[in-house]
1. Taking the conditions exactly as written (within 30 Å of His125 (Cβ to Cβ) and either part of a strand (DSSP E or B) or not hydrophobic (A, V, I, L, M, F, W, C) (or both)), does Ser187 satisfy them or not?
2. Of the residues that sit in region 232-272 and are of a type in the set (Asp, Glu) and within 23 Å of the chain's Cα centre (by Cα), which one is nearest to Val222 (Cα to Cα)?
3. Could you list, in sequence order, the residues of region 38-60 that are in contact (Cβ under 8 Å) with a residue 24 or more places away in the chain, over 17 Å from Asp157 (Cα atoms) and assigned to a loop (DSSP other than H, G, I, E, B)?
4. Being within 29 Å of Lys142 (Cα to Cα) and either of a type in the set (Lys, Arg) or at pLDDT 95 or above (or both) narrows it down to one residue among Leu15, Leu66, Leu43; which is it?
5. Out of all the residues in region 224-243, which are surrounded by fewer than 17 Cβ atoms within 10 Å (Cβ to Cβ) and at pLDDT 85 or above?
6. Looking at region 100-120, can you tell me whether even one residue there is out of contact with any Cys (no Cβ under 9 Å at 6 or more places or on another chain), part of a strand (DSSP E or B), of a type in the set (Phe, Trp, Tyr) and closer than 27 Å to Leu66 by Cα?
7. Check region 91-104 and report whether any residue there is of a type in the set (Asp, Glu) and within 18 Å of Gly134 (Cα to Cα).
8. Does at least one position in region 137-151 carry a residue that is in contact with a helix residue (DSSP H, G or I) (Cβ under 8 Å, 6 or more places away or on another chain), buried (at least 18 other Cβ atoms within 10 Å of the Cβ) and in a strand (DSSP E or B)?
Amino acid sequence: MWHRVVQFSLFLPTLSAFGGPASAPVPTHTFDAIDPKWFASKLYLDTEHDRGILPTDPDPKDKCFLLVNYSVDEHSPSVKEIEFYPSGKIFRETDLHTHSIGFDLKGDSYSRVLREDGTVIYFDHFHDGRCIEGFSIDRKGKKETVTNDGGTLTEPDDHGKDTRRFFGDGGRELIHREGDDIYLNDSWGSWHRKPSGDEELSKVDPISRSAEQWSRSKDGNVTRPRGDHENASQQSLKSEFARLRKEFFAHLEQSAKAGGFSLRELGVEQFATEATTRP
């Protein structure tokens, strides 16, 4: 994760340089102009070596992307973020009209990704943490869209790689991967599979919105929320975990189907049907 670095005295590429041919479709959001009074923090991104370089660092920066975060002042949250190609043209732009209430993100965020010729190839709009509209155009020209009902997007990154994103169940992003860790999520709850084969499963209470986490080791041993598993047999715990797990994947399958894709496309079909966890 790139860390925010306070530095604002250096030259920034000007937005007037970012022209380009019109693209169809186009974002429904007009991106905010930069207020010259905003505080700007900058970091050069050496994508070849996965590291950040301070503006004051003597390392060469001519092949680096430049990430700039804007905020009203030095101590305020970001209101805008722009990442520039090494050429100085915009790669990614994000407007953040959001705030947090407890653990919930409220408000709207808008992101777009551009080719160096100015063509918009990716756009998303999140409201209260859920994607309600968006489109993407991949390297082969394939278009994907997202609505309130769900859909898929292919998002490019500054390493030249693409990530396919899956949305459903009211705009939730149903899957997230970090290395070999897999995180699944919908309104029923969430499931996490670790590289070791251990699993965590949480069901959300629709009234209190709280969730209690169950765990199952790669060897099949189950622990229940609140530690009260000590008074229950492993046989009963395994049976209850299997029931909840089946319920979760059945709900996830319906969320995916409503979004226009399958568990196979998510890459988790094999986990929905396996009887035990194995590395």
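The values are calculated or read from the model by the stated rules, or taken from the named source; none is laboratory data. What you are looking at is a predicted structure, and each value in this text was computed from that prediction instead of being measured. Cβ sites come from the backbone with ideal geometry, for glycine too, and all protein chains shown count toward neighbours.
1. So Ser187 passes the test.
2. This residue is Glu269.
3. The answer is Trp38, Leu54, Pro55, Thr56.
4. So the residue among Leu15, Leu66, Leu43 that is within 29 Å of Lys142 (Cα to Cα) and either of a type in the set (Lys, Arg) or at pLDDT 95 or above (or both) is Leu66.
5. Answer for region 224-243, where residues must be surrounded by fewer than 17 Cβ atoms within 10 Å (Cβ to Cβ) and at pLDDT 85 or above: Ser233, Gln234, Gln235, Ser236, Lys238, Ser239, Glu240, Ala242, Arg243.
6. Scanning region 100-120, I find at least one residue that is out of contact with any Cys (no Cβ under 9 Å at 6 or more places or on another chain), part of a strand (DSSP E or B), of a type in the set (Phe, Trp, Tyr) and closer than 27 Å to Leu66 by Cα, so the answer is yes.
7. Yes, that holds for at least one residue.
8. Scanning region 137-151, I find at least one residue that is in contact with a helix residue (DSSP H, G or I) (Cβ under 8 Å, 6 or more places away or on another chain), buried (at least 18 other Cβ atoms within 10 Å of the Cβ) and in a strand (DSSP E or B), so the answer is yes.
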